[in-house]
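Structure first, commentary second.
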Amino acid sequence: MESIQTKSSDRPVNKGDSLRDSYAARTKQIFALVSMVGFAGSAIFGIFSLFSSGLSSQHRQKPVAAAVSQESLLAAKERGYETVLQREPQNLTALEGLANVRLEMNNKVGAIEPLEKLVKLNPDRADYKELLRQAKGK
């Protein structure tokens, strides 16, 4: 007699078929386990490298850069306003910005010229007159 068993679907199944099915199921389980371990390992590695790079970059920052940055930012603003004033000598925004930047840089002598132009263009503005008076030291 042959060794044939029947499944619930009433079709004949050989013992070799059930061995293949169990081998395929076992292979799928192993593959799933290897995939999960690989995914977990790569996630842990990514998180670890993210935190380690963040910590090391904090130690490399220099506090002196903030002071240099402020000075260079003011100098860049000054150049920008001067560039605008070369094209538009009576631009009120650029004149006021240049005067303010120079006052922030403690360059009172340099602030006098744009303040004089502002007073000339806007004689009714008392704040421009007051800034000019302060810059001249009167």
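The values are calculated or read from the model by the stated rules, or taken from the named source; none is laboratory data. Treat the numbers as computed from the prediction; the structure is a model and nothing was measured. FYI the Cβ positions are ideal-geometry reconstructions off the backbone, even for glycines, and counts take in every protein chain you see. These area figures cover heavy atoms from the full protein model, side chains too; ligands, DNA and RNA do not enter into them. Shrake-Rupley method; radii C 1.70, N 1.55, O 1.52, S 1.80 Å.
Listed residues Ile47, Ile30; which is modelled with pLDDT under 85, open to solvent by 60 Å² or more (accessible area, probe 1.4 Å) and in a helix (DSSP H, G or I)?
Ile47
Among the residues of region 109-124, how many are surrounded by 14 or more Cβ atoms within 10 Å (Cβ to Cβ) and more than 21 Å from Gln86 (Cα to Cα)?
Of the residues in region 109-124, 0 are surrounded by 14 or more Cβ atoms within 10 Å (Cβ to Cβ) and more than 21 Å from Gln86 (Cα to Cα).
Please state which one of Gln61, Gln70, Gln86 is modelled with pLDDT under 80, polar (S, T, N, Q) and open to solvent by 60 Å² or more (accessible area, probe 1.4 Å).
Values: Gln70 fails: modelled with pLDDT under 80; Gln86 fails: modelled with pLDDT under 80.
The conditions single out Gln61.
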